Amino acid sequence: MGEQMIPLFDGVGHPVWLDREEFRKEVIPQHLEAEWNHPEELYTFVVQIFRDGFVEEADRGADRLLELYNRAEGVLLLKSLILLRKGEDEEAETLVRECMEKYPDRGMAHTFLARIYDKRGDREGVIDSLRRGLELEPNQETALLWWVDLTIEEGGKSKAIEELKPFVEKEGAWWPKLIAGRLHLEEGDTSAAVHLFNHVLEWFRSRRDEQTPPSFDEEIALMTVVTILSKHGCRDELITLCDQYCRTDHSTPFAVLDYAQALVEVGRIEEAVDRLQQASNFVLPEYVHLVERKLSELKQRFSLKI
């Protein structure tokens with residue numbers, strides 16, 4: 001399908017492909033008009049057309065959103081991103097700084113300011129802005145990874161681990177702990193890594209009762225831990241943590257799939273099958289086939305009756 005085509009979807013979810021110019025002239029104006037007084041729907045559509053490259057049309061929609069949402073944080077930053085794409089960097093910075101003044105306890109605007117500094121080639125400005133944003137909101141994954149990469153370029157992984165310590169020590173700062181744990185593993189310190197991973201997973205568990213399903217962030221944390229440990233060949237550590245923290249009622253199957261594979265590798269076949277069977281009752285419908293495929297693989301490989 002050519003790059004000049006845009007997909008729409010009919011009432012049963014089938015794609016209908018339109019020429020970009022037809023989409024620009026016919027669909028976008030009609031949709032903007034239809035959603036002009038519906039903030040949530042308009043916001044979703046503006047983000048969609050911006051991602052599809054209809055910058056001028058997104059800019060018009062963003063102006064309306066600034067009115068509807070009384071210049072809220074997310075809309076100010078969306079508008080600044082559109083202006084940055086248009087090359088109107090000074091105007092974008094003005095909005096970002098307005099956002100920083102209006103929401104002084106929030107960190108996202110500092111991350112957006114880092115984008116502006118990056119476009120100017122101001123490396124020091126990028127690093128300082130990212131750090132300030134992370135001091136306010138340390139769980140900004142993209143900003144954190146960007147800042148860590150820049151820190152590693154300056155002084156290596158040991159410097160990044162040291163620079164991460166203030167964020168790691170913040171209450172509720174789980175992403176910095178995961179990234180620091182990964183760096184410790186890469187530096188050969190498995191014990192320090194597992195300590196940080198365990199701290200994150202225990203913190204999430206302590207925030208809910210046993211009957212409450214895990215939050216999306218908790219699932220992300222477990223998936224990240226499992227992926228990192230698997231990548232570094234830490235099978236035993238993976239199993240130990242999953243024995244303790246991998247629940248049957250996750251909505252995504254990725255952690256349990258890696259957990260099951262590790263269990264198979266150490267001969268705990270029945271446990272692997274049991275975990276997968278339980279998971280199949282809770283994962284979102286779009287992921288059920290992944291669990292069933294793994295179960296079928298184990299059935300064939302070990303001649304199991306499942």
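The values are calculated or read from the model by the stated rules, or taken from the named source; none is laboratory data. Note that the structure is a prediction, hence the values are computed from the model and not measured. Every residue, glycine among them, receives a Cβ derived from its backbone with ideal geometry; neighbour counts consider all protein chains shown. Surface areas here come from the heavy atoms of the whole protein model, side chains and all, with no ligands, DNA or RNA. Shrake-Rupley method; radii C 1.70, N 1.55, O 1.52, S 1.80 Å.
Inside the range 254-306, residues that are closer than 12 Å to residue 239 by Cβ and more than 29 Å from the chain's Cα centre (by Cα) make up a count of 6.
Listed by first and then second residue, the pairs with beta-carbon distance under 6 Å, at least 6 apart or on different chains, first residue in the range 147-167 and free of Cβ contacts under 8 Å to residues at least 24 places away in the same chain and within 23 Å of residue 108 (Cβ to Cβ), second open to solvent by 20 Å² or more (accessible area, probe 1.4 Å) and assigned to a helix (DSSP H, G or I), are 160/152. The number of residues in the range 112-136 that are surrounded by fewer than 19 Cβ atoms within 10 Å (Cβ to Cβ), under 20 Å from residue 78 (Cα atoms) and either acidic (Asp, Glu) or touching a Leu at 6+ places or on another chain (Cβ under 6 Å) (or both) comes to 1. Scanning the range 175-201 for residues that are touching a helix residue (DSSP H, G or I) at 6+ places or on another chain (Cβ under 7 Å), among the small types (Gly, Ala, Ser) and open to solvent by 10 Å² or more (accessible area, probe 1.4 Å) gives a single hit, 192.
Going through the range 48-60 one residue at a time, which ones are on the phi < 0 side of the Ramachandran plot and not in a helix (DSSP H, G or I)? First the steps, then the outcome.
As a first pass, look at the range 48-60 and keep what is on the phi < 0 side of the Ramachandran plot: 48-52, 54-60.
Result: 52, 54.
Among the residues of the range 203-243, the ones that are surrounded by fewer than 17 Cβ atoms within 10 Å (Cβ to Cβ), acidic (Asp, Glu) and under 20 Å from residue 183 (Cα atoms) come to 1 in all.
So, of the residues in the range 69-95 that are of a type in the set (Lys, Arg) and in a helix (DSSP H, G or I), which turns out to be nearest to residue 116 (Cα to Cα)?
Kept after step one, since they are of a type in the set (Lys, Arg), are these residues of the range 69-95: 71, 79, 85-86.
Okay, now just the ones that are also in a helix (DSSP H, G or I), so 79, 85.
Numbers: 79: 13, 85: 10 Å.
The selected residue is 85.
If you go through the range 70-88 and keep only what is surrounded by fewer than 16 Cβ atoms within 10 Å (Cβ to Cβ) and more than 21 Å from the chain's Cα centre (by Cα), you end up with 70, 71, 85, 86, 87, 88.
Condition check ((1) outside any helix (DSSP H, G or I); (2) modelled with pLDDT under 95; (3) more than 20 Å from residue 78 (Cβ to Cβ); (4) polar (S, T, N, Q)) across all residues:
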{"residue": "1", "(1), (2), (3), (4)": "yes, yes, yes, no"}
{"residue": "6", "(1), (2), (3), (4)": "yes, yes, yes, no"}
{"residue": "16", "(1), (2), (3), (4)": "yes, yes, yes, no"}
{"residue": "22", "(1), (2), (3), (4)": "no, yes, yes, no"}
{"residue": "27", "(1), (2), (3), (4)": "no, yes, yes, no"}
{"residue": "37", "(1), (2), (3), (4)": "yes, no, no, yes"}
{"residue": "40", "(1), (2), (3), (4)": "no, no, no, no"}
{"residue": "46", "(1), (2), (3), (4)": "no, no, no, no"}
{"residue": "62", "(1), (2), (3), (4)": "no, no, no, no"}
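Out of all the residues in the range 150-167, which are under 13 Å from residue 181 (Cβ atoms) and open to solvent by less than 30 Å² (accessible area, probe 1.4 Å)? Listed by number, the residues that qualify are 160, 161, 164, 167.
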